Amino acid sequence: MEGPTVEIKRGLEGVIFTETYLSAIDGDAGRLSYCGYEINDLAARASYEETAFLLWYQRLPAEDELAMLSAWLRANRHLPKVVWGIMHSLPEQATPMEALRTVASTLSMFDRSCIHQVEGGSSLCRAVSLTAKLPTIIASFDRLRRDRPPIEPREDLGHAANLLYMLNGSEPDPADAEALETYFVLLADHGMNASTFSARVTASTLGDVFSSVVTALGTLKGPLHGGASQRSMEQLLEIGSADKVDAWFDRLTATKQRIYGFGHRVYKTEDPRATILRDLSRRVAQRTGNTRWFDIASRLEARVLDHPYFQERRIYANVDFYTGPLLYALDVPLDLFIPMFAIARVAGWTAHMLEQQKNNRLIRPRAYYAGPRDQVWNDMPDRVPQVEAQPETQCVASRPANCPAALEVPPRFWPLPESPAS
Ligand code: ACO
């Protein structure tokens, strides 16, 4: 069979499909900026609300403008009453990301208030609504699953402080709120990462803001993307103490497993957000008097940096690595790490959505068809089964109520064809 006559860009690596005015990444120099402002400056000076303004309007706000946007965001933190019914009916086994995705999607049916005459006005209004409400959804879900009543948001608190308040029921230490706010600023946007790309694909069909954000939430969850923050903390918990890092690292490298929180498609040097998060994480750990997780992370990073495998591949800590010890020190439950990422990134997703629709062209790449051609149709009696049906399959298909064990174990289906590459 003839091979493709075009070069296939697996994972769209290096493909530039649009221009953006939102964030710029220099992967070799390890630099990141939003609308021309260096991430170090933003992390040190900007609030999350100010960063959201920057991304949505592509300029820094004047004092009154920031006050207006803050008030708009804060007034939007409350969830519509009817959404509470849905929150209460979520199954016990729902994960926070499943809850977030479901409730964010539900919101679109109750949000018909954004009617603006200005171009993109209704989309911006929905971007504000979602950015304001994601923290409320997550905090409320977390409290409900712990049999605690949800806490109404407070309009006098900043974005991070209000979230910590809604999670814990008490006003946070200002230093904790500041650390989380910095984390939100650092993660607000990041070029054409997987979730942002997926949001733009939905936007390019002229889909609405809710659909774009729900698409992005689904993409973020995967362990190669936002899911790595939780996985990387799970690694530290598995290691348990700094003196066990070496044995763990040797075992992992010997079995050629991936270490979460390391490596990046674009950065071939240290991710500038990791530099800031390392420092932030150290400071929070020292302040709380528990440096255990930071120490393990530090030792693990030293082993990675010192190992030829990682050196040859230019693999360094990424944004998710020091996120782990930071959020853990702030008492954020492990399975809320990915939602925290989403709460930060929603400003970027929606800014990209607005940008996509300003100068839209449907995103529709192509794939090289590598399968067989000119097949001859076989009628059913002429088809030869390749595997016998398994008893579990029959059980699940016919009487699920009578075989709960089979429901827990997925039915065995026919093996998928192996790809030529495997
Ligand atoms: N641990 C061990 N080996 C790694 C790692 C890692 N974390 N990352 C990359 N490699 C190796 C691969 O095995 C591969 O080796 P090979 O050349 O011998 O086959 C080589 O480095 C290149 O890896 P790719 O997966 O092809 O590189 P890609 O650019 O697609 O990877 C990715 C980027 C997916 C982030 C990868 O580094 C990874 O899986 N890291 C761990 C997961 C993670 O931390 N993800 C969060 C990324 S940041 C974010 O999305 C917010």
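Things worth noting here:
- Zone residues, region 262-282, relative to Glu13, backbone N less than 19 Å from point 7 Å out along Cα-to-Cβ: 262-271
- Share of pairwise Cα separations in region 47-178, more than 16 Å, in percent: 65
- Radius ratio Rg over Rh of the chain, counting only Cα atoms, Kirkwood formula for Rh: 1.00
- Taking only the C-alpha atoms of region 1-86, Rg followed by Dmax gives 20.2, 66 Å.
- For Lys9, the lysines whose Cα comes closer than 28 Å to its Cα, not counting residues fewer than 8 places off in the same chain, are Lys221, Lys256, Lys268, Lys358.
- For a label point 7 Å along the Cα-to-beta-carbon line of Arg283, residues of region 156-189 with backbone N under 12 Å: 175-183
- Quotient of C-alpha Rg and 2.2 N^0.38 Å, computed over region 228-329: 0.99
- Relative contact order (%) - the chain, alpha-carbon pairs under 8 angstrom, separation at least six: 20
- Per-residue 3J(HN,Hα) values for region 69-79, derived from phi via the Karplus relation 6.51 cos²θ - 1.76 cosθ + 1.60 with θ = phi - 60°, read 5, 4, 5, 5, 4, 5, 5, 8, 6, 6, 8 Hz in sequence order (x marks Gly and Pro).
- Once the chain from Phe110 to Lys81 is taken as fully extended at 0.36 nm per residue, the excess over their C-alpha distance is 9.5 nm.
- Gln375-Gln58 pseudo-label distance in nm [points 7 Å out on the Cα-to-Cβ vector]: 4.7
Computed from the coordinates by the stated procedures, all read-outs in this text should not be read as laboratory data. Not measured: the values here are computed from a predicted model. All Cβ positions, glycine included, derive from the backbone under ideal geometry; neighbour counts span all protein chains shown.
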